[in-house]
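The values are calculated or read from the model by the stated rules, or taken from the named source; none is laboratory data. Every value quoted in this text rests on a predicted model; they were computed, and no experiment measured them. Note that we place each Cβ from the backbone using ideal geometry, even for glycine, and neighbour counts take in every protein chain shown. For accessibility, only protein heavy atoms count, side chains too; no ligands or nucleic acids. Shrake-Rupley method; radii C 1.70, N 1.55, O 1.52, S 1.80 Å.
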Amino acid sequence: MQKIPIFLAFSILIIVLVLAIFAPHLTPHKPEEIDLLAKFLPISKEHLLGTDHLGRDIFSRLIYGARISLSCVFLTLMLIILVGSLVGSVSGFMGGRVDQALMRLCDLFFAMPTIVLSLFLVGLLGTGLSNIIIAIALTHWAWYARIVRSIVLNLKNKEYVLVSKMCGASGFENFKKNMLKPILAQCIIVATLDIGHVMLHIAGLSFLGLGVKAPTPEWGIMISDAKDFLFTYPELIYYPGGALFLCVMSFNIIGDYLRDKLDCSEVVHENEEPKR
């Protein structure tokens, strides 16, 4: 029975990814094309999900919204992993005052609610896609830094690491050969669990008007545009809201699955030959 939700989650994400990648070839209309004479049209062959308050094709905007939302999420997580891994590795390797200073910096970011800090950073940097990615990355890197630091502290005194060091391997070579794999494995698990949260974060900022700017087709913006017609045309909010719900749910299910699988086969090097 556990395989059914995993299969559904993977199926949903594969469909969404295919639609997002081939959006220009699958959408019948341009997502930003306005036709005031075609407002609130019902579902038809020409408009598969109808049109919105500006006569824009909802299906086209929904598909392009998937492309923008997913690209934002993956770019954000790449930046988070890069910054978190760098800070965590330096902290774990250096130790002493450097470790203390970096960890107190992490505590500072932990002390603030992520949404409040994101709003502050967006207000400081300005709105726009690139600033959204930077702002969200700056609010999430500390958790990854703590994880990477704990892995480095756990591994740097292992026998095979010490042997490799005694054989003349530099700190970077030692890190690359003996620590990079478990760090990446753990970061991938955490990132998969974090995708849904980051996606909601991006949509929430766009909903508040601080993220991706209209008329760019993005799910948060589509929900924001539809809120004024909630009681007259509720389907306008159902489509982007449903797409967001399905993606977040699917990523969370897959993240839980990967965590259970990879945690059960945790990366250990006790029985490995020293890497010289």
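Side notes on the structure shown:
- Tally, over segment 16-30, of residues that are within 23 Å of the chain's Cα centre (by Cα) and surrounded by fewer than 13 Cβ atoms within 10 Å (Cβ to Cβ): 2
- Neighbours by Cβ (under 7 Å, 6+ apart or cross-chain): first from segment 205-219, over 18 Å from residue 137 (Cβ atoms); second of a type in the set (S, T, N, Q) and outside any helix (DSSP H, G or I): 213/127
- Residue 90, sole failed condition from (1) in a helix (DSSP H, G or I); (2) touching a residue at least 60 places away in the same chain (Cβ under 8 Å); (3) open to solvent by 50 Å² or more (accessible area, probe 1.4 Å); (4) farther than 24 Å from residue 201 by Cα: (2)
- Of the residues 83, 116, 87, the single one that is out of contact with any strand residue (DSSP E or B) (no Cβ under 9 Å at 6 or more places or on another chain), closer than 16 Å to residue 176 by Cα and of a type in the set (A, V, I, L, M) is 87.
- Residue within segment 55-62 that is touching a Pro at 6+ places or on another chain (Cβ under 6 Å), under 24 Å from residue 231 (Cβ atoms) and open to solvent by less than 50 Å² (accessible area, probe 1.4 Å) present: yes
- Qualifying residue in segment 72-84 (condition: in a loop (DSSP other than H, G, I, E, B), out of contact with any Ser or Thr (no Cβ under 6 Å at 6 or more places or on another chain) and open to solvent by 50 Å² or more (accessible area, probe 1.4 Å)): no
- Pairs meeting the criteria (first residue in segment 233-247 and over 13 Å from residue 16 (Cβ atoms), second residue open to solvent by 60 Å² or more (accessible area, probe 1.4 Å), beta carbons under 7 Å, at least 6 apart or on different chains) are 237/227; 237/230.
- Odd one out for residue 141 among (1) crowded, with 20+ Cβ neighbours inside 10 Å; (2) of a type outside the set (A, V, I, L, M); (3) over 19 Å from the mean Cα position of the chain (by Cα): (3)
- From the list 201, 197, the lone residue that is free of Cβ contacts under 8 Å to residues at least 60 places away in the same chain and under 14 Å from the mean Cα position of the chain (by Cα) is 197.
- Residue 65 assigned to a helix (DSSP H, G or I), surrounded by 16 or more Cβ atoms within 10 Å (Cβ to Cβ) and at pLDDT 90 or above: yes
- Of all residues in segment 12-62, those satisfying the criterion of being under 23 Å from residue 234 (Cα atoms), in a helix (DSSP H, G or I), out of contact with any strand residue (DSSP E or B) (no Cβ under 6 Å at 6 or more places or on another chain) and among the hydrophobic types (A, V, I, L, M, F, W, C) are 16, 36, 37, 58, 59, 62.
- Meets criteria (of a type in the set (A, V, I, L, M, F, W, C) and either over 20 Å from residue 60 (Cβ atoms) or crowded, with 22+ Cβ neighbours inside 10 Å (or both)) for residue 229: no
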